Amino acid sequence: MTAIPRNQWYVAAYSQEVGDELLGRTICGEPIVLYRTGDGTAVGLADRCVHRRYPLSLSGRDGDRIVCGYHGFTYEPSGACVYVPGQARIPRTARVPSYPVVEQDSLVWVWIGDPTGADPAVIPRAPWLDRPGWTAVRGMEPLAARFGLLVDNLLDLSHETYLHGGYIGTPEVAETPIVTRVDEEAGIVYVSRHMADAACPPFYAKSTGITGRITRWQDIEFTPPCLYLLHSRIAPVGVLPGADGADPDAYHVEVVYALTPETEHSTHDFWAVARDFALDDQGVSDFLAENNRTVVLQDVAALNVLEQVIATEPDGYQELSINIDTGGLAARRMIAKLR
Ligand code: FES
Ligand SMILES: [Fe+2]
């Protein structure tokens, strides 16, 4: 099973979650407090006071500083302690670690590992989440299962037919073979499933208004360990992009997941659905948000069960893998190399 790779960027929060309040969130087993300074900069500090471990996320702010809610140790956004009670001398070791933080595409990324390796240029992009011409809905569900189970789940969408029937699954998803490609140099796994003539599941029928059968393309692009993109193209049967790539008669949905380990056995399941149609239609936004959350919770329920199954199985249990697992197995290999 896949363990957590360190020295990596992970999504810690949506931008909108980080503000004046102190937000505590555990990432890869490390408790972190996130907040925004007066000039709007997002900050991440270790969420443990150096004195007696009190969580800084349960404390208060004095301007850009955090004042520990237990005995008042006061920290700068850099993590340096600038006040201790009852004495003028501040111990040299009075500092909490600060995390490299980068905010882009409405996601707050933190670097877990040796901070000298944190290169913002390698963070994968999800530009549809805050790009003009697109509308996005989003959420995050806690998963009581290891992150590797969510990797398996998202890299193999044949499960849509069985686990998500009546929402996004139709028989064609499980029946249509996939094409998998691994770009070792870029560190990306691609899995494609193009259905030429498929039933339109309620998720797309209700949001696009298409009534008949559809051409449905699913193109997965996973950049381990954290960012998963599903480029979804929906069009009436036979409607294809032009030779120049223009595709005005199709509906495009970008499904974005950030898979962030909380601990070895729990995961933050960030999900977002961006679309290039019905941009101002609140009814469509509400429908997609509610429907996708339901779908995510179906996955959460199944993976929570699997985590319990794994916890009780004897050592050496052997899985059986088939063609549909090619992408998931490639992702596992890539993640193993990151460690
Ligand atoms: S635990 Fe923070 S000041 Fe004592
Ligand atoms: Fe699913």
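The values are calculated or read from the model by the stated rules, or taken from the named source; none is laboratory data. Here the structure is a predicted model, which is why all the values come from computation and not from measurement. Glycine gets a Cβ as well: all are built from the backbone with ideal geometry, and neighbour counts include every protein chain shown. All accessible areas refer to the heavy atoms of the entire protein, side chains included, with ligands and DNA or RNA removed. Shrake-Rupley method; radii C 1.70, N 1.55, O 1.52, S 1.80 Å.
So what's the gap between the Cα centers of segment 256-274 and segment 148-167, to the nearest angstrom?
Going from one Cα centre to the other spans 15 Å.
Per DSSP H run of n ≥ 4, the term is -39500 (n - 2.57); total these for the chain, divide by its residue number, and report the mean residue ellipticity at 222 nm rounded to 500 deg cm²/dmol.
So the helix-based figure for the chain works out to -6000 deg cm²/dmol.
Evaluate the charge dipole of the chain about its Cα centre and quote only its size in Debye, nearest 20, assuming +1 on the Cβ of each Lys and Arg and -1 on the Cβ of each Asp and Glu.
Values: 27 positive and 44 negative charges, 239 e Å.
So the dipole magnitude of the chain works out to roughly 1140 debye.
What ranking do 280-289, 163-172 get when scored by the average of other Cβ atoms within 10 Å per residue, highest first? It would help to have the intermediate numbers written out before the result.
Values: 280-289: 14.6, 163-172: 17.3.
The densest-packed peptide leads the list: 163-172, 280-289.
How large is ³J(HN,Hα), in whole Hz, for each residue of segment 66-75 in order, when computed from phi with the Karplus curve 6.51 cos²θ - 1.76 cosθ + 1.60 and θ = phi - 60°, using x for Gly and Pro?
Using θ = phi - 60°, the values come out as 9, 10, 4, x, 9, 10, x, 3, 10, 10 Hz.
Can you send over the solvent-accessible area of GLU17, 1.4 Å probe, protein chains only, in Å² to the nearest 10?
60 Å²
Counting pairs of Cα atoms in segment 193-329, how many percent are more than 20 Å apart?
Numbers: 5417 of 9316 pairs.
Tail fraction, whole percent: 58.
What is the angle, in °, between the Cα long axis of helix 326-338 and the longest principal axis of the Cα atoms in the chain? Nearest 10 is fine, range 0 to 90.
20 degrees
How far is helix 282-312 tilted, in degrees, relative to the longest principal axis of the Cα atoms in the chain, given as a value from 0 to 90 rounded to the nearest 10?
80 degrees
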